[in-house]
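Some notes on the structure that comes next.
The values are calculated or read from the model by the stated rules, or taken from the named source; none is laboratory data. This one's a predicted model, so the numbers in the text were calculated from it and none came from an experiment. Cβ coordinates were reconstructed from backbone atoms using ideal geometry, including for glycine residues, and neighbour counts include every protein chain displayed. Keep in mind that these areas ignore ligands, DNA and RNA; they rest on the heavy atoms of the full protein, side chains included. Shrake-Rupley method; radii C 1.70, N 1.55, O 1.52, S 1.80 Å.
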Amino acid sequence: MAALWKKWFTEKTLPGRFALGGVVTLWLVALAYGAYQLHEYASIPGTSPSPLQQWPVESRLQLAADRPTLVFFMHPKCPCSRATLAELERFLVGYGSACQIYGVFVRGQRHAPSWIEGPLWEKVGLMENVARMEDAGGVEGGRFQVGVSGECFLFAPDGSILFHGGITPARGHIGDSRGLQALMSRIKEWHAGAHPMERVDTPVFGCSIRRMCTPPAAEGAKL
Amino acid sequence: MNAPDNHPFVQARRAALFQEEMEKGFRSTDRLFVACLTLQWVVGIVCALTISPETWDGAESRTHLHVLAAVYLGGVLALGPLLLVWLKPGKLITRHVIAVAQMGFGGLLIHLTNGSIETHFHIFVSLALLAFYRDSKVLVTASVVVLLDHTIRGLFWAESIYGVVKAPIWRTLEHALWVVLEDFFLMVAIQRSRRSASEIAFKRAHLELLNTEVETRVILRTKELAASEERFRMLSAAAPVGIFQTDPSGNKFYTNRQWCEMFSMDEKEPVGRKWMELIHSEERERVIRDWESAIKGGRDYILEMRIVTKENVTRWILMRGKAIFSKSGEFIGHVGTTEDVTFRKMHEQELAQARDSALESVRVKSEFLANVSHEIRTPMNAIIGMTGLLLDTPLNPQQRKFASTVHKSAETLLSLLNDILDFSKIEAGKLTFEIEDFDLQETVENTLDLLADTAHSKNLELIGFLKPGTPRYLRGDPGRLRQVLVNLIHNAIKFTDTGEVVLSISQEGGDSLRSIIRFEVRDTGIGIDKETQGKLFQAFTQADGSGTRKYGGTGLGLAISRRLVELMNGRIGIISSPGEGSTFWFTACFELTPPPNTDEVLDSEVLKGVRVLTVDDNATNAIMLHHQLANWGMRDDHALHANDALRMMREAVEQGDLYRLAILDMQMPDVSGLMLATQIQGDERLQGTQLIMLTSLGARLDPRTLREAGISECLLKPVKQAKLLECIARLFNAKKSLEAAAAEQKAKDPAALQKEAGNLNILVAEDNPVNQKVVLFHLQKLGYVSHVAANGMEVLAALNHARFDIIFMDCQMPEMDGYEATRHIRKLENGKRHTYIIALTANSLNGDRERCMEAGMDDYIAKPLRQADQVAAINRYLEARKSGKIGC
């Protein structure tokens, strides 16, 4: 059978040539399709419609009084968040001390405490100026109304939100992105004395953590 | 063998080989990329599974898209080329698709590494790998893919390719520049590689062409060799002789079938020297010795041997070996043939037996002939001797006629006997030639002398002369020459009634060592018709059957002459027409010898310029005289008649240039020579002319008549050249010549010799009483006192009582023959004295003379005895004694 196919394709006849051309064309189309899907996957941000405008007072996190406070939420297993941490490392080089930083790992209620342990957990733990925190049951995530791993919140000391979004250019991709630029820009602007400032939103690329977070309505009952 | 570079085959083959090499490279690079693409696909999947195996939605996870992308995209990238490699390996579309796929992997890798600059090196590595195709177009395709990818993603998704939000166009240009730069160097490398491959292809094509030519030649040579070998095999198989070949050591390594059959050996048996075991034991040592000698010396050899085969069959084998040498001259063995000559050998043996029988027959025949000859000659001796003696006694005319008839008949019978013996000797191949220096002129003149009487008795002119330029001093057998001449001249005289018989001799050819002399005997006889001429030289044939009765003879003379001429390396023939006479001619080859040293008395210089008139009605004689006289430098004129002669002589006187010599022929019509001489004598003006008369009747001319006619000399015809010269010289230098002649005459006169020698004491040893009487009478006539002995014993007894000067010794006597007696005598003399012994024998066969000399005899006379022979023998004794060659 294979030999017949081979003979048919390799014969220098018109049908053979058309068949070969068709195969090559199909191949190119398949390639384009794959590339397109990959591009789509990487470039479509997660859903993070956080309406938060002020620092949630219920949060057990401490809002810094002398500088902005950056809070980012991570899914402990999200492979795309490695890009966020990589970008954060770049951020820390210039802005590590310009703000208070919390790295919050959300753990679902069904998961054991050790579930959050992994490369991301360990890497954040090694970062200077970053306070690593476990958000068991997604309480804090709920308070901040987080939707996607890698979602960052920048608050002014007065509790007003300055920035909300991701700091990677695409899903799982490092590199310059509008989110990181906007984050650094807002911090520089705050320190430059620009008060009050408008909230800036950028797309967040990462795994969804919404369903691991506890909605604020259920928080009291839970607590 | 050096093919030109632009040879069509080389060009075509070069292109084919180059294409083949390229396609080989394409296929191998295809396979390389099959591995490479597969590896990248697998590595991609592994990396995806390792780095991002799952994607999460809260606490729920599912397979990460990267894993799916690795599987799908990597699969599409890898499987497309793999499919083409399978379907169309080495084809253009395949390598271009591979280029696209490989670059796709690079783009994917860059994308997945967020545009990491390190992963951009994948592009360069991929281009380098694609350069393995040695097809610049593949690099172009790959580079186009790369540039498109960089350009598009740089413009629309810079993070994917450069890891930045927005990339300036120069970055894409920079990347493109590096790619183009690498392409440039890779293309240069590709071009060099292709050129190198092309050159290799060219060399291979060239080599293939040479190989093809060589193979063609090899095939051709192989065919020729096969044909040659087949031809050799057929020849060898069909040859009627055995063929063999040996190495330099003599070991056989090839023999054909006939050889094996001849030696009764299997085909493998002859290898080495096993054949020697078959050589007959009586000959083995000789054959092996000769054979080994030839082998060691590298020489050709011919061996004849007997062999005894396994079947105990004896064969005669003739083996011929030829030494063969390499081009460098090295001896490399022998090739040869063997021939079964058993049949021939048997024939040879039969022939040898037959030959022995024949030889024995011949010997018996010769013995018989000798005996017959002896038995016939003995009574013949008596008849001739006695009739000779009888004729010397006073007889009445009738008695003389009877006695003369008996004498002539006996002479004829003896001549017949001699012919028969000669013919018998010739037929038996026993005729031998004595080789000695001789004077041709003297031999010819002596021959003519012998026959002169016979010719003159028939009133025939007998003329003989050597043409100018004919060599005179030769080496050969003058006796045999004389025999042929006598035969031909005698025949000519016999068959000629009137006219002349002329013998002319000339040189027909030759060189510095040899001369071919032509003898012609012309007569004016009856002539011979053509039919008879053809049979003339056959034995027992005569010109005319009826002539046999008229002219007599055995018919052997010409046959004997022909054989003798052939033995003298000559030819014999006849030119004749009936009624017009005949010319018998023959040639004979003789060695040339220098003239003997003689004290020449005659000075021919004196004769130069002397004017001579010859008067002869015979033109041949006149021509002969002209040649002789001109040869001596004399000026000669010729007159046919006496009247002409007188007129010419008188005219010469008037001119003041008189003839100082006139040679006259005696027998002329109308006016004879004598009458002419008388007329000359009577003319005072002609007194200054000397006269010589030539005559056949000279002996009968009265000296007084000659003197009265004023004739100074008279010569017998045929005129001997030497005598004529001597005569002329004497006339012009008379005193000296006469003294010399007198001295010579004295030396040659037997009576004078006898007088000088005194009385000789002679012993005749002869058993036959009749012969005793003949010899004694002859000696008595010569004035000698003789004694007789009947056998050898009596001779020895006589010697005890007396001393003899000469012994005439018969060879065949009872009790003690002549040979034995001679040996005894010589033994008794012991060199202190020497009795002159003259053999008398009736055996005229070969070897008799040698046998006599070997026994110690001094001279030899064949029976029947003639008085002249005895006188000649006694004279030889006297001359020898005078010269001191023998003692008294």
### Summary
For residue B:563, the accessible surface traced by a 1.4 Å probe with all protein chains present amounts, in square angstrom to the nearest 10, to 60
### Task
For residue B:627, tell me the accessible area in Å² from a 1.4 Å probe, rounded to the nearest 10.
60
### Task
Using just the alpha carbons, could you tell me how many Å³ per residue the convex hull of the stretch A:123-223 encloses?
126
### Message
Which three extents, in angstrom, do the Cα atoms of the stretch B:111-250 have along their principal axes, listed largest first?
### Response
109, 24, 23
### Query
Across peptide A:201-210, what mean number of C-beta atoms from other chains lies inside 10 Å of a residue's C-beta?
2
### Query
Quick one, what does Rg over Rh come out to for the stretch B:394-433 if you take C-alpha atoms and the Kirkwood Rh?
1.35
### Query
Once amide H atoms are placed 1.01 Å from N in the peptide plane, what residues at a sequence separation of 5 or more from residue B:765, or on another chain, have their amide H within under 5 Å of its amide H?
B:789, B:808, B:809, B:810
### Query
So for the pair residue B:189, residue A:115, with labels modelled 7 Å out along Cα→Cβ, what separation do we get in nm?
5.4
### Task
Could you point to the residue in B:394, A:79, B:69 farthest towards the positive end of the protein assembly as shown's charge dipole, with +1 and -1 charges on the Cβ of Lys/Arg and Asp/Glu respectively?
A:79
### Query
Rg(Cα) of the stretch B:198-252 divided by 2.2 N^0.38 Å?
1.99
### Task
Take the Cα radius of gyration of chain A and divide it by 2.2 N^0.38 Å, with N its residue count; two decimals is plenty.
1.36
### Query
What nm value, rounded to one decimal, do you get for the distance between residue B:277 and residue B:575 when each label is placed 7 Å out toward the C-beta?
7.6
### Between the stretch A:95-136 and the stretch B:386-427, the Cα center-to-center distance that results, in Å
181
### Summary
chain A: relative contact order from alpha carbon pairs under 8 Å, six or more residues apart, as a whole percent, is 27
### Task
From other protein chains only, count the Cβ atoms within 10 Å of every residue's Cβ in B:82-91, then give the mean.
4
### Task
Mind checking A:31-37 for the average number of partner chain beta-carbons within 10 Å of each residue's beta-carbon?
6
### Message
Show log10 I(q)/I(0) for the stretch A:51-101 at q = 0.26, 0.30 Å⁻¹, two decimals, from a solvent-free Debye sum over equal Cα scatterers.
### Response
-1.07, -1.12
### Query
Counting only protein chains, not ligands or nucleic acids, how are B:438, B:121 ordered by accessible area (probe 1.4 Å), most first?
B:121, B:438
### Message
Name the residue from B:373, B:786, B:321 whose Cα lies farthest towards the positive end of the charge dipole of chain B, charges +1 on Cβ of Lys and Arg and -1 on Cβ of Asp and Glu.
### Response
B:321
## Note on the structure
If every Lys and Arg gets +1 and every Asp and Glu gets -1 at its Cβ, then about the Cα centre the protein assembly as shown yields a dipole, in debye to the nearest 20, of 3660
### Query
So what's the stretch B:194-337 giving for Cα Rg divided by 2.2 N^0.38 Å, two decimals?
1.59
### Ratio Rg/Rh, restricted to the stretch B:637-711 and using Cα atoms, in which Rh is the Kirkwood radius
0.95
### Query
What size of dipole, in debye to the nearest 20, comes out for chain A about its Cα centre when the only charges are +1 on Lys and Arg C-beta atoms and -1 on Asp and Glu C-beta atoms?
960
### Summary
Output for chain B (equivalent-ellipsoid semi-axes, sqrt of 5λ from the C-alpha gyration tensor, Å, descending) is 127, 42, 24
### Query
Using 0.36 nm per residue, how much length does the chain from residue B:222 to residue B:247 gain when fully extended, once their Cα-Cα distance is taken away?
6.5 nm
### the stretch B:100-156: C-alpha gyration tensor shape, a/c 1.5 cut-off, then a/b vs b/c
oblate
## Note on the structure
Stokes-Einstein D for the stretch B:43-124 (10 °C, 1.306 mPa s, Kirkwood Rh from Cα pairs), in µm²/s, comes to 114
### Query
Using unit Cβ charges (K, R positive; D, E negative) and no other charged atoms, how large, in debye to the nearest 20, is the dipole of chain B about its Cα centre?
1800
### Query
Taking the stretch B:369-516 on its own, what percent of its Cα-Cα pair distances exceed 24 Å?
51
### Query
Say the dipole of the protein assembly as shown comes from +1 at the beta carbon of Lys and Arg and -1 at that of Asp and Glu; which of B:572, B:294, B:694 then lies farthest toward its positive end?
B:294
### Summary
Under a 1.4 Å probe, counting only protein heavy atoms, residue B:401 has an accessible area in Å², nearest 10, of 140
### Summary
Share of accessible surface on carbon and sulfur in the protein assembly as shown, whole %, 1.4 Å probe and ligands ignored, is 57
### Task
Provide the percentage of antiparallel DSSP beta bridges, counting only those with both residues in the protein assembly as shown; round to the nearest 5.
55
### Task
Quickly estimate the mean residue ellipticity at 222 nm for chain B, helices only: each DSSP H run with n ≥ 4 gives -39500 (n - 2.57), and the total goes over all residues, rounded to 500.
-19000 deg cm²/dmol
### Query
What Rg and what Dmax come out for the protein assembly as shown when only alpha-carbon atoms are used, in angstroms?
74.9, 220
#### Entry: trypsin sites (Lys or Arg not before Pro) lying in DSSP loop within the stretch B:232-278, provided at most 16 other Cβ fall within 10 Å
B:268, B:273
### Message
Sort B:584, B:433 by heavy-atom solvent-accessible area, probe 1.4 angstrom, most to least.
### Response
B:433, B:584
### Message
Which entries of B:365/B:773; B:494/B:720; B:24/B:203 have Cα-Cα distances beyond 26 Å here?
### Response
B:365/B:773
### Task
Take the Cα atoms of the stretch B:160-202, build their convex hull, and give its volume per residue in Å³.
60
### Query
Given R₀ = 51 Å, FRET efficiency for residue B:38-residue A:62 by Cβ-Cβ distance, to 0.05?
0.40
### Query
Could you state the per residue volume, in Å³, of the convex hull enclosing the Cα atoms of the stretch B:287-425?
207
### Average Cα contact separation per residue, chain B, under 8 Å, 6 or more apart, as relative contact order %
6
### Task
Tell me the trypsin sites (Lys or Arg not before Pro) within the stretch A:46-133 that lie in a loop according to DSSP and have at most 12 other beta-carbon atoms within 10 Å.
A:60, A:110
